[in-house]
Every structure is written in C-alpha cells, then in structure tokens.
1. Over all directions, average the projected area of the Cα convex hull of segment 374-445 and note it in nm².
2. So, taking all protein chains as they sit and a 1.4 Å probe, how much accessible area belongs to Leu245, in Å² rounded to tens?
3. Any number yet on Rg/Rh for segment 278-389, C-alpha, Kirkwood?
4. Take each of the peptides 77-83, 420-426, 235-241, average the number of other beta-carbon atoms within 10 Å over its residues, and list them starting from the highest.
5. What whole number of Å gives the distance from the Cα centroid of segment 118-169 to the Cα centroid of segment 364-422?
6. Could you please state how large a percent of the accessible area of segment 368-452 is carbon and sulfur, counting protein chains only and using a 1.4 Å probe?
7. Please give the length that would be gained between Asp54 and Lys309 if that part of the chain were fully extended, namely 0.36 nm times their separation in residues minus their C-alpha to C-alpha distance (nm, one decimal).
8. Which value, to two decimals, describes the C-alpha radius of gyration of segment 204-343 once divided by 2.2 N^0.38 Å?
Amino acid sequence: MEKVTSKHNTKTILTFIVPSFIGLLLFMMPVHYQSALTIPVAVIAKGLQALLADELPLIVTCIVVVTALLTTIAKVFKPKGLNQHPFLKNLLNVTPAWFAVRIAGACFIVMTYMGIGPEAIHSGDTGSLVLNDLLPVLFCVFLFASLLLPLLLNFGLLELLGALLTTIMRPLFNLPGRSAIDCMTSWLGDGSVGILLTTKQYQDKFYTQREAAVIGTTFSAVSITFSLVVISQVNLAHLFVPFYLTVCLAGIVAAVVVPRLPPLSWKKDHFIDNTPRNAEDEIIPTGHSALSWGLDRALFRAKHSGGVKSFFSEGVRNSVDMIFGVLPVVMGLGTLALIIAEYTPIFTYMGKPFIPLLDLLQIPEAAEASKTIVVGFADMFIPSILAASIHSDLTRFVIAAMSVTQLIYMSEVGALLLGSGIPVKLWELFVIFILRTLVTLPVIALMAHLIF
C-alpha cells in the first residue's frame, strides 16, 4: 500500500481540485446538444467534426495508410533507432496478425476513398460506412478525449472515487470502485471514450487483465443519444423511456452474470506485467473512513502528478497511440465484418438456433427476428434496420433493446477492444456476445410483454 501523509499544502489541494473538477465537467456532466444528451468532450469532438467535415475522410485515409507504411518499415527493415524509442517500438512493431490487419485496413480504405475495386468493399453498407460515418467520429473523439484524459486519471479523482465506490462495485461486479467512472462516461457520452479510459488504466496497472476485459466488454455501452437513434429506427421513439430503462436493467443483469462465466472468469487477476493484484490494495487502514482514505490517496496522487508538461506529454502520446493504433484496426476488421453481414448468409444461418428460444419467449415473427440476432456482432445498427420491416411492435422493441445490450459489435466496439491492448481475443468476443444475448434476451422479453 502506498504510504501517504496526512498533511498537504494548498498547492497540492488545488492541484487535486482544479484539474479533477475540469475533468468531471468534460467527461461526466450531462449537457443538451442539438436536442440530445451528451458530455462536453463529445460536443467538442462534434465541433471539430463539423469544421473538418469534408476533409476528415482524406485525413483518416492518410493516417491508416501511413500507419501501414511505417509498420511495414518497422517489420521488414527493422531500423536500429526504433529500439531507442519504446513508445514508437510498441506502436509499430506489432505481431504478424496485427500487421496483416493494418495492411488490410490500408487496402480497404484506399479502395473505399477512391471508389475502386469490388463494390462489396467500398459500398455504402461496408467500407464507405466505416470510412465516412465511423472513422471521422472516432478520430475527433480520440483526439480530444485522449488529450484531456489525464485530467481524470492523473490528479487524484479516481483514487477518491475508487475508495468511495469499491464497497458497491466489488461485491456486485467484482471490480474496483474506479471502474464506475468508465460505466458512467460510456452511458452519458460514448462507448469509445469508455474503452479509451479502460485501456489507459490497464496500461498504468490500475486494472488487472480480468478487470480490464470485464470492464471493456461490459461497461462500454452505447450512449443515451445513440439509444434514441436505435429506437427511432424501429418507429418506437415514443417508448424511449421504458426502452432505456429496459436496456439499463438488462445491462446490469448481464454485468452481474456474464463476467462470472467463461471466458471472462478464466482471465487472470494479474496486471499487464503479470504481477498479481494485492488484496490489501483496497483495504481501508485503521483510523480512516472511506472518504478520508480516498482524499489522502487523491492528494498523494496529485502531489506526484508531474505538472503541466507531464499532462500535455501524456495526452499527446495517448492521442497518437489511439489514432494510429486503433483506426486501421477498425477499418480492417469493421469492413470485413460488414462484408460478411451484407454479402453472405452466415449470420442468418447462425440466427436459426435462436428461433426455439424466441418462440418460448412468445416473441411474434420469431423466424424474422432470428435473422437480426447474430448479425449484431457485425454492427449494432444492422438489427434495427432489418427490424423496421417487422410488423409486431413488441418484436421490434425486443430487437432494438437486444442490439444495444449485446454491446460488442465489430464495426466499432469489438475492433476497438482488439486494437486497444485489452486482453481479449476475437473468439472470446464472439462467445461474450452470445452469452450477453442469452442473458439479456429473457429480461428484455419480460419487459416487452409488460409494456405491450
């Protein structure tokens, strides 16, 4: 356990209060923007997106291509100077599998931007969707959220909240208290911000391998705003309140159940360097309350935060790491997943085993509904698009809620998780996706029968 002092000067107290307060405002304060609820850092990102609307596809295309070229140079020519820069070495000297993903991402994005090659790659439902609708959003979010993330991480806020919330998060979800911030940031703002926050805390040894995998696959929910888009797509916007309450209830049930099942339960409670978590880390010492101990640790953290130079240096590294490391993965894996969903019957066949379950839960038009279940693994919005032609309001409600609570979709969250360094594999993501479907579907069906 860290040794902390009980007395702190005014400078240390202000170093804790001011950046932490700004971080709370930017990442967690709900604000209304363009008739939707979001967080300020997302508003800033949307402002940049609007400003550079026409240039962003070219910008992200250049980023993905440059990443592939630099990775090729690092893998093929192995420049000696690379080993002298650990950050660049970690960014560019990737495994053969990730090298292939980056090359695929570069090929896909060039063909999509130029409109050449097979239509299956650059159509509006595949590569163009990722390039024009998703990557610009991620670029702007990563740019600002990564730069400003140290306000949440480096000045003691999470130490305070961790001490206060561990008594809730540890018994309920077997997670440290500070993980509550990931959850709230995702729900209010954007799941990609939550993944960014989780990744940084895993890299900095605040989360173990199991905790990072659980948080990344459990709490990186879509925002309230996007939930409204989904329910509107199935023409049930007037039921948004019961819809979102259903999503929250099903999400909490999944958060309690799924992490206690394989493959998440198989993950080691070891940090990124394979050292085990010390059970005493979360024990409140004698003579301290949760509040006093949290404040003491927060002020200790603030005192050793490194100042303004450290803040900007870490923010820039965060941005470069996420933009150059993750965007090529999203382009490569996201496009591939959408091609499979749009041009092959694989997901339709995989949905057929769910027909008996849907019949058991008395969901009308079960055969049509089954086609939407597994396709959500490719993209979260596809089930709602397919559901628009279904006649039953109850079935459309169930499909919309399920697509949100399934949470892992390869066009964004799944690709982000795989590219982030959080210890999860592709097959594990698919198993978790199926488990979340099996756990949340009965909850959603029950709520739907109560509502309709």
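1. 4.5 nm²
2. Here the accessible area works out near 110 Å².
3. In segment 278-389, Rg relative to Rh is 1.29.
4. Peptide ranking by packing, descending: 420-426, 235-241, 77-83.
5. The two parts, judged by their Cα centres, are 20 Å apart.
6. About 69 percent, which is the carbon plus sulfur part of the accessible surface.
7. Roughly 88.5 nm would be gained on extension.
8. Against the compact-globule rule of thumb, the ratio is 1.43.
The values are calculated or read from the model by the stated rules, or taken from the named source; none is laboratory data. A quick note: this is a predicted structure, and the numbers were derived from the prediction, not measured. No Cβ is skipped: glycine too gets one built from the backbone with ideal geometry, and neighbour counts run over all protein chains shown. Surface areas here come from the heavy atoms of the whole protein model, side chains and all, with no ligands, DNA or RNA. Shrake-Rupley method; radii C 1.70, N 1.55, O 1.52, S 1.80 Å.
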